[in-house]
Number of protein chains: 2
Amino acid sequence: MQLIGYEQTSLDATFAALADPTRRAILARLASGEASVAELAEPFAMSQPAISKHLKVLERAGLISRGVDAQRRPRRLEARPLADATDWLEGYRQFWEGRFQHLDALLNEMKAKETKRGRMPHSRSPRRRGDQG
Amino acid sequence: MQLIGYEQTSLDATFAALADPTRRAILARLASGEASVAELAEPFAMSQPAISKHLKVLERAGLISRGVDAQRRPRRLEARPLADATDWLEGYRQFWEGRFQHLDALLNEMKAKETKRGRMPHSRSPRRRGDQG
């Protein structure tokens with residue numbers, strides 16, 4: 001896998017912008033349509049200047065842009081940085097899917113052994129272990 | 001789309017950890033197998049303490065862990081945070097795929113109009129415009 005250097009600068013800004021729950025919530029809101037700063041501030045217990053700071057981070061990362069209406073200056077979600085971040089993470093899908101399959105196989109093997117031996121004295125029952133997972 | 005509150009804390013740490021090219025390069029290296037700190041430091045023009053700082057950020061985010069060999073303390077890539085970050089971004093796939101399809105449709109419409117009208121004086125040729133895109 002060779003990912004070094006791929007969209008490096010913009011990935012930095014994109015991932016940094018995504019590392020905040022308020023900013024992720026703003027993006028979630030904008031996924032369903034344009035919204036003004038006042039509309040975006042509404043669901044949060046935050047001042048408009050605080051929201052504006054978050055919007056600036058998102059804008060600098062190219063994740064949002066301003067609509068044409070000069071009065072409302074609605075913000076809207078931009079596709080490219082989200083697509084690029086998804087592309088980067090997709091490079092690891094094979095890795096983590098493989099790891100999960102390996103863990104599943106191990107778990108099944110353990111379960112099979114336990115069934116074969118029967119329940120050991122003082123061992124936790126498979127049912128309780130399953131409930132905790 | 002309702003994504004607010006989903007894996008919020010660990011997504012913060014994961015995305016913050018991914019917002020650095022050296023850390024992304026370390027993850028790319030570890031995707032092909034465990035490596036010691038010395039091995040990880042090798043391809044970078046960086047001291048081992050500088051690399052260790054990056055490793056701490058990755059470790060705190062759960063993106064890497066330490067192997068069992070007490071001598072080498074090899075680092076290895078962990079699947080869960082990468083899977084969670086991918087899951088979060090997948091929620092936006094429909095949005096950006098839709099946006100790109102819309103742009104494609106607009107572009108085709110423009111091309112069709114241009115072909116119908118023939119080449120206008122002083123207009124750039126479709127071929128040159130295509131080359132730039």
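Quick notes on this structure:
- Within region A:70-123, the set of residues being open to solvent by 80 Å² or more (accessible area, probe 1.4 Å), within 14 Å of chain B (Cβ to nearest Cβ) and touching a Ser or Thr at 6+ places or on another chain (Cβ under 8 Å) comprises A:R76 only.
- Residues located in region B:57-68, provided they are under 20 Å from the mean Cα position of the chain (by Cα) and more than 12 Å from every other protein chain (Cβ to nearest Cβ): B:L58, B:E59, B:R60, B:G62, B:I64
- Scanning region A:9-22 for residues that are open to solvent by 30 Å² or more (accessible area, probe 1.4 Å) and more than 7 Å from chain B (Cβ to nearest Cβ) yields a count of 3.
- So B:R29, is it open to solvent by 20 Å² or more (accessible area, probe 1.4 Å), part of a strand (DSSP E or B), within 12 Å of another protein chain (Cβ to nearest Cβ) and out of contact with any Lys or Arg (no Cβ under 6 Å at 6 or more places or on another chain): no
- Tally, over region B:59-93, of residues that are β-branched (V, I, T) and touching an Asp or Glu at 6+ places or on another chain (Cβ under 9 Å): 2
- When residues of region A:32-56 are limited to those that are among the charged types (D, E, K, R) and away from chain B (no Cβ under 14 Å), the one farthest from the chain's Cα centre (by Cα): A:E39
The values are calculated or read from the model by the stated rules, or taken from the named source; none is laboratory data. Everything numeric here is computed off the predicted structure, so don't read it as measured data. All Cβ positions, even for glycine, are placed from backbone atoms using ideal geometry, and neighbour counts span all protein chains on display. Note: accessible area is taken over every heavy atom of the protein model, side chains too, but ligands, DNA and RNA are not part of it. Shrake-Rupley method; radii C 1.70, N 1.55, O 1.52, S 1.80 Å.
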